[in-house]
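Here, each number is a calculation from the coordinates, and none is a lab measurement. Predicted model only: the values in this text are computed from it and were never measured. Cβ atoms come from the backbone with ideal geometry, glycine included; neighbour counts cover every protein chain shown.
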Amino acid sequence: MARTPSTMLALGTQAPPFSLPDVVTGNTISLDDFAQAKGYLVAFICNHCPFVQMLRHELARFGREYIPQGLAMIAINANDADNFPEDSPEKMQDDARRFAYPFPYLYDQSQATAKAYQAACTPDFFLFDGERRLVYRGQFDGARPGNDVMVTGADMRQAVDALLSGQAITAEQKPSLGCNIKWKPGNEPDY
């Protein structure tokens with residue numbers, strides 16, 4: 001299992017726009033669909049990565065807790081489903097239902113959205129304020145496969161709690177770590 005860290009996109013970066021299909025509803029989803037949100041959490045995840053597998057229950061619980069508080073939450077899978085069929089839209093739909101994701105699970109078939117966010121791994125998290133400026137990027141918490149740290153979402157909870165209460169979010173943020181995004185041959189980014 002490859003351990004790839006997030007690129008740590010510069011704080012203050014404006015959220016790149018996207019328009020992607022939700023594998024559950026078939027609807028096309030964009031950030032503009034959440035215009036009244038107090039913040040936006042964009043999570044690059046997939047089905048087969050052990051780093052994602054260990055946190056998906058807590059990620060769903062996190063969504064059920066924070067979405068009612070005004071956080072828009074969107075999960076995106078950008079993996080090459082031709083070479084990684086476990087990450088196909090059909091399998092994504094199964095996972096979204098099985099884990100009761102309260103957020104849309106979008107498929108980035110072209111991988112253009114992942115590149116725009118400079119996503120590097122699964123999971124890779126990007127938290128934007130109400131003006132869609134990046135205020136947090138990095139780990140959900142310190143749990144990793146095999147390190148015996150309980151998945152709690154502590155780092156993300158601290159950032160979202162600060163955002164929703166109007167407090168400053170520390171700039172000392174730890175990169176997420178996970179499986180590398182499975183780029184289509186010839187589509188690898190240069191970051």
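Below is a table of values for the structure above.
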{"read-out": "For the chain: relative contact order, % (alpha-carbon pairs under 8 angstrom, 6 or more apart)", "value": "33 percent"}
{"read-out": "Computed lengthening from residue 67 to residue 27, 0.36 nm per intervening residue step minus Cα-Cα distance", "value": "12.5 nm"}
{"read-out": "Solitary cysteines of the chain, where the nearest other Cys Cβ is not under 4.7 Å", "value": "46, 121"}
{"read-out": "Length gained when the stretch residue 168-residue 132 is fully extended (0.36 nm per residue, less Cα-Cα span)", "value": "11.4 nm"}
{"read-out": "Debye, to nearest 20: dipole size of the chain, +1 on Lys, Arg Cβ, -1 on Asp, Glu Cβ", "value": "240 debye"}
{"read-out": "Peptides 14-24, 141-151 ordered by average Cβ neighbours within 10 Å, highest first", "value": "14-24, 141-151"}
{"read-out": "Gain in span if fully extended, residue 36 to residue 14, counting 0.36 nm per residue against the direct Cα distance", "value": "6.3 nm"}
